[in-house]
Amino acid sequence: MTMKPRHKRTAMIVGGLAAIGIAAYFVLNAFQSNLVFFFTPSQVEAGEAPQNRTFRIGGLVKEGSVKRDNLTVSFIVTDTAKEVPVTYTGILPDLFKEGKGVVAQGQIKEDGKFTASEVLAKHDENYMPPEAQHAMDQAEIEKAGKTLK
Amino acid sequence: MIPELGHFALILALPVAAALGILSLAGGQTGRADWMALARPGAQALWWLTAFSFGCLTYAFYTNDFSVMYVAQHSNSKLPDLYRVSAVWGGHEGSLLLWLLMLTGWMMAVSIFSRQLPDVMVSRVLGVLGLIAVGFLLFMLITSNPFVRLSDIPADGRDLNPLLQDPGLVFHPPMLYMGYVGLAIPFAFSIAALLNGRLDAAWARWTRPWATAAWVCLTIGIALGSWWAYYELGWGGWWFWDPVENASFLPWLVGTALIHSLAVTEKRGLFRSWTIMLSLIAFSLSLLGTFLVRSGVLTSVHAFATDPKRGVFILLFLAVVVGGSLILFAMRSGKVRAGGSFSLVSRETFLLVNNVLLTTAAAAVLLGTLYPLIIDSLNLGKLSVGPPYFNAVFAPIMTPVLFFMVIGSYARWKNDTVAELTKRLRPVAIVSVLLGCTLPLLAGAWSALVAMGLTLSIWIVLASFVQMYRQFKDTANWKSTPISYWGMHVAHIGIAVCVIGITMVKGYETEKDVRMTIGDTVDVGGYTFRLTGIQQVPGPNYNADRGTVDLIKGDRVLRTLHPEKRTYFSSTMPMTEAAIDTSLTRDVYVSLGEKLEGDGKPAWAMRVYHKPFISWIWLGCFLMAIGGGMAALDKRYRKKVAAKLSLKDIKGVAA
């Protein structure tokens, strides 16, 4: 059967809309559950970060805070104003260093510690993760605001 | 002196490109043959100038001329020769120059291999490419000149990022860029067709080999990048859905749709506007990709604010290219549109369905890539879209693509019936479902995802072999079968091989992070790894801690692996160099983590992987590239040239 052009166009439009609809469904579904928000240590301290949902924190690894117990590492992420204790089990990226920028992804558990499932430190010694930089800038602004008051 | 010559050549290239762009297009519009005749020599002159400029920059790198800022930032006197040359494209400015070199290289190729094309077409195509070159030349000369000198000459360079000191960097970026830029050719052909107001089967036949060639380069480029990330980053991953990767994957997805849509346009004269649209989108995405990766937007959208000149230029350039071509499309696409009929069950329909699915997948990936950037630039907060999103979206959209791929290649053009198709495909379907569902049992744990991945892969492979066998058996047919037919099957089998690799790795990989002291063993994937020692080993521009790990199966030591942890002199930055034992059915992968404080004995964190069938991922890409190459080389694309050659041959014999 050869289709009339009009029917063909209708079929194409219907098919296209169906595809877009299905895709939109997948996308929105996946979006909702997979957006990972970023919070600064100050925001975490203020209780703005969600419980039992994965999010990211960033800042500097506090000097002298890294402690290793076999493969489990604990350290403190600071934005120079507030601090968040973090634990991570596994191998840290090459550029993880005290005093350097870091971004960690994970959840806050009952003990109030941030349990990281992933620690990100990009591959450039001069590189400061943008989120970590952002955290410190925010803390800086906060401080400036307080002294003005 | 040499860098100034390079800079001068770039400056000189600007008026050449502008003249080429304006005169060839104007020549095409007005029909002035003398202007059109300038297109070929103009394009070739542009290549020579760019190549000369590129040569000057390479020379500056080779001779460690740290008075050039770009060299001082990306090289070092201790850098091995090979990496000193590849460091040319290790940063923003040099990448742009490489981009331009590739663009003019493609233009050179078009000017040489276009004898079968009408002059109007050639001059319009080269004119459009010339204008693109103008954009890039302006961008480089105004904001990103690689030849800027330093008044304060440093004693040594800052060095190339150790990650980039790898043979991977020598081949990956040029290949990828060749693919990116190659998509400018179908783009230019489309613009030329819109200007011509005529788009016929001949147009599609001229465009196809270029689109396919660009797609082949892109495929190889992406595969090399993935392979490089796998062995160099030390995390054992091969695809991270990182914005940089997505930037290269987006044009690939649309390019894949394009080469198939072009097939319909050539064979059946259909989907003309759609084909044009895809070629416009594909090139726009590759421009977007180039800028996303190279402008610093990905590190922070606020990089735009720190260097507003670059950001504004990029946005303007994108707006002109994308906006201009879309306006032209809106104005002229009515002229090229043509009716033709095909039934709901026909090869056209299945190709169209897969085209729509591929574009949808690209749109979903684009959304996930750009969304965080948009939210951030609107100051609505910081967020990231991780691999789970992309996996959740991409896999369901691509699954039907694999299914329809086979049906599309079995269905007849114009008109077919479900009953006929079912009859032809039933045996293949039965065998692939049976094999796909039982094979996971042999591998160990049965899982629905693995069964589905294997079923679809076997479905594709089997269908291709059955079709090739039929074609081959029919000897009369076999001799006249164009090479592109075999190319198609090789590429489709490549997809299947790649999917098998992905399925097996996702389904059965094992990974262990362990603490090891010398003499310790760990079992992964049926193998035993024993750490027998760690030595200090000096390299050319680094020091390394080098582990010695025995790979044991049963009682037999199969191989000794040497993972390294390197510290580069110039940056004191550590680098993990994984040790990998590759075979066709599995990779085992060891990387050395940090040194751990132990109770007296030195201990190390180690990461050990067993990755079944991972090399099939890249093997599949390689097959796709070969298949694409076969298709692009089909002799029907250069019929006139062939005729001329055979004349020459006859003369040669006579002499």
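Taken together, the values in this text are just the output of simple stated rules run on the coordinates, not laboratory data. This structure is a prediction, so every number in the text was calculated from the model and none was measured. Counting neighbours? That spans all protein chains shown, and the Cβs are built from the backbone with ideal geometry, glycine included.
Shielding of A:18-25 by partners, i.e. mean partner chain Cβ atoms within 10 Å per residue?
Working: counts 1, 7, 4, 0, 5, 11, 3, 1.
Going residue by residue through A:18-25 and averaging, the value is 4.
Quick one, what does Rg over Rh come out to for the range B:1-98 if you take C-alpha atoms and the Kirkwood Rh?
On the way: Rg = 17.0 Å, Rh = 14.8 Å.
With Rh from the inverse mean 1/r over Cα pairs, Rg/Rh is 1.15.
Can you tell me which aspartates and glutamates have their Cα less than 12 Å from the Cα of B:LYS335? Leave out same-chain residues fewer than eight positions away.
Leaving aside aspartates and glutamates fewer than 8 places away in the same chain, those within reach of B:LYS335 are B:ASP200.
About its Cα centre, what dipole magnitude does the range A:37-148 give when the only charges are +1 on Lys and Arg Cβ and -1 on Asp and Glu Cβ, stated in debye to the nearest 20? The partial results should precede the final answer.
Values: 13 positive and 17 negative charges, 34 e Å.
Using Cβ point charges on Lys, Arg, Asp and Glu, the range A:37-148 gives about 160 debye.
Tell me, what ³J(HN,Hα) does each residue in the range B:613-629 have, in order and in whole Hz, if you take phi through Karplus 6.51 cos²θ - 1.76 cosθ + 1.60 with θ = phi - 60° and put x for Gly and Pro?
The phi angles translate into 6, 5, 5, 5, 4, 7, 4, x, 4, 4, 4, 4, 5, 4, x, x, x Hz.
Given just the C-alpha atoms of the range B:432-499, how large is their convex hull per residue in cubic angstrom?
Numbers: hull volume 4.8 nm³, N = 68.
Dividing the Cα hull volume of the range B:432-499 by its residues yields 71 Å³.
What is the dipole size for the range B:510-613, taken about its Cα centre, with +1 at each Lys and Arg Cβ and -1 at each Asp and Glu Cβ, in debye to the nearest 20? Each step should come with its number before you reach the end.
Values: 14 positive and 14 negative charges, 37 e Å.
Computed about the Cα centre, the dipole is about 180 debye.
Pairs of Cα atoms under 8 Å, at least six residues apart: use those to get the relative contact order of chain A, whole percent.
Numbers: 245 pairs, mean separation 30.5, N = 149.
Once divided by the residue count of chain A, the mean separation gives 20 percent.
Please grab the % of Cα pairs in the range B:194-303 that end up more than 16 Å from each other. If you can, show how the numbers build up before the last one.
Details: 3823 of 5995 pairs.
The answer is 64 percent, as a whole percent.
Given 10 °C and 1.306 mPa s, how large is the Stokes-Einstein diffusion coefficient of the range B:447-535 in µm²/s, with Rh as the Kirkwood radius over Cα pairs? Let's see the in-between values first.
On the way: Rh = 16.7 Å.
Once the numbers are plugged in, D ends up at 95 µm²/s.
Spin-label point model (7 Å from Cα, Cβ direction): what's the A:GLU140 to B:VAL537 distance in nm?
Going from the A:GLU140 label point to the B:VAL537 one covers 4.3 nm.
Might you report the magnitude of the Cβ-based charge dipole of the protein assembly as shown about its Cα centre, with Lys and Arg at +1 and Asp and Glu at -1, to the nearest 20 debye? Walk me through the numbers before you get to the answer.
Details: 71 positive and 55 negative charges, 846 e Å.
The dipole of the protein assembly as shown has a size of about 4060 debye.
Across every pair of different alpha-carbon atoms, what Kirkwood hydrodynamic radius in Å does the protein assembly as shown reach? If you can, show how the numbers build up before the last one.
Details: mean 1/r = 0.0346 Å⁻¹.
One over the average 1/r among Cα pairs gives 28.9 Å for the protein assembly as shown.
How do the peptides A:8-17, B:545-554, B:349-358 rank, highest first, by the average count of neighbouring beta carbon atoms within 10 Å per residue? Please list the in-between numbers first.
Working: A:8-17: 13.2, B:545-554: 17.2, B:349-358: 22.2.
Output ranking for A:8-17, B:545-554, B:349-358: B:349-358, B:545-554, A:8-17.
Determine the shielding of peptide A:28-39 by partner chains: average, over its residues, the number of Cβ atoms on other chains within 10 angstrom of each Cβ.
Details: counts 1, 3, 11, 8, 1, 3, 11, 9, 8, 5, 6, 2.
Per-residue shielding by partner chains comes out at 6.
Given a 10 angstrom Cα cut-off, can you work out which residue in A:GLU83, A:GLU110, A:GLU63 is the most mobile in a GNM of chain A?
A:GLU110
For the range B:323-393, what is the convex hull volume of the alpha-carbon atoms per residue, in Å³? Don't skip to the answer; put the middle values down first.
Details: hull volume 9.3 nm³, N = 71.
Output value, Cα hull per residue: 131 Å³.
Using modelled backbone amide H atoms (1.01 Å from N, in-plane), which distant-in-sequence or interchain residues come within less than 5 Å of A:LEU92's amide H?
B:GLU594
Which residue fluctuates the most in chain A, going by a Gaussian network model with Cα springs under 10 Å, if the choices are A:LYS109, A:LYS82, A:LYS62?
A:LYS109
Average partner chain C-beta neighbours within 10 Å, per residue of B:568-576?
Per-residue shielding by partner chains comes out at 3.
Residues with amide H under 5 Å of B:ARG149's amide H, sequence separation 5 or more or different chain, H placed in the peptide plane at 1.01 Å from N; which?
Long-range HN contacts for B:ARG149: B:MET69.
Based on the mean of other Cβ atoms within 10 Å per residue, sort peptides B:241-249, A:68-76, B:65-73 so the most packed one is first. Don't skip to the end; give the middle numbers.
Details: B:241-249: 20.3, A:68-76: 17.0, B:65-73: 21.9.
Highest-to-lowest ranking by the protection proxy: B:65-73, B:241-249, A:68-76.
Under 8 Å for C-alpha pairs, at least 6 residues apart: give me the relative contact order for chain B, rounded to a whole percent. Walk me through the numbers before you get to the answer.
Details: 1146 pairs, mean separation 77.2, N = 655.
Relative contact order for chain B comes out at 12 percent.
Report, in cubic angstrom per residue, the convex hull volume of the C-alpha atoms of the range A:37-148.
On the way: hull volume 11.2 nm³, N = 112.
Taking only Cα atoms, the range A:37-148 has a hull volume of 100 Å³ per residue.
In terms of modelled amide H atoms, which long-range or inter-chain residues lie less than 5 Å from the amide H of A:GLU118?
A:GLN105
Taking the dipole about the Cα centre of the protein assembly as shown, with the C-beta of Lys and Arg at +1 and of Asp and Glu at -1, give me whichever of B:SER144, B:ALA202, B:PHE404 is farthest to the positive side.
B:ALA202
Report ³J(HN,Hα) in whole Hz for each residue of the range B:535-552, in order, from the Karplus equation J = 6.51 cos²θ - 1.76 cosθ + 1.60 where θ = phi - 60°; Gly and Pro get x.
10, 8, 10, x, x, x, 9, 7, 10, 10, 8, 10, x, 10, 10, 8, 9, 10
For a bin width of 10 Å, list the pair-distance distribution of the range B:336-437 built from all Cα-Cα distances, rounded to whole %.
13, 30, 26, 18, 11, 3
Taking only Cα atoms of the range B:77-137, what ratio of Rg to Rh do you get with Rh as the Kirkwood inverse-distance radius?
On the way: Rg = 15.9 Å, Rh = 13.4 Å.
Radius of gyration over Kirkwood radius for the range B:77-137 works out to 1.18.
Where Rh is the Kirkwood radius over the Cα pairs of the range B:510-613, the temperature 4 °C and the viscosity 1.567 mPa s, what D in µm²/s does Stokes-Einstein return? Present the calculation step by step, with values, prior to reporting the outcome.
Values: Rh = 14.1 Å.
Calculated translational D: 92 µm²/s.
Just name one of A:LEU120, B:TYR83, B:LEU10: the one whose Cα is farthest towards the positive end of the charge dipole of the protein assembly as shown (beta-carbon charges, Lys/Arg +1, Asp/Glu -1).
So the residue we want is B:LEU10.
Of the options A:ALA46, A:VAL77, A:GLY21, report the single residue whose Cα projects farthest towards the positive end of the charge dipole of the range A:1-85 (beta-carbon charges: Lys, Arg +1; Asp, Glu -1).
About the Cα centre, the residue reaching furthest to the positive side is A:GLY21.
What percent of all Cα-Cα pairs in chain B falls in each 20 Å bin, counting up from 0?
Per 20 Å bin, starting at zero, the Cα-Cα P(r) for chain B comes out as 17, 47, 32, 5, 0 percent.
In sequence order, what are the phi-derived ³J(HN,Hα) couplings for the range A:93-104 according to the Karplus relation 6.51 cos²θ - 1.76 cosθ + 1.60 with θ = phi - 60°, rounded to whole Hz, with x for glycine and proline?
So the Karplus estimates, Gly and Pro as x, are x, 3, 8, 6, 8, 5, x, 9, x, 8, 10, 10 Hz.
Tell me, how many Å apart are the Cα centres for the range B:195-270 and for the range A:65-98?
Computed from Cα coordinates, the inter-centre distance equals 42 Å.
Would you work out the Kirkwood radius for the range A:27-92? I mean one over the mean of 1/r across all pairs of different Cα atoms, in Å. Before the final figure, lay out the partial values.
Details: mean 1/r = 0.0753 Å⁻¹.
Over the range A:27-92, the inverse of the mean reciprocal pair distance is 13.3 Å.
Filter B:LYS553/B:LYS601; A:LYS62/A:LYS109; A:LYS109/B:LYS553 down to the pairs with a C-alpha to C-alpha distance above 29 Å, please. The partial results should precede the final answer.
On the way: B:LYS553/B:LYS601 27 Å; A:LYS62/A:LYS109 21 Å; A:LYS109/B:LYS553 41 Å.
From the list (B:LYS553/B:LYS601; A:LYS62/A:LYS109; A:LYS109/B:LYS553), the Cα-Cα distance tops 29 Å for A:LYS109/B:LYS553.
Angle, helix A:130-148 long axis vs. longest principal axis of chain A, Cα atoms, 0 to 90°, nearest 10?
Once rounded, the angle reads 60 degrees.
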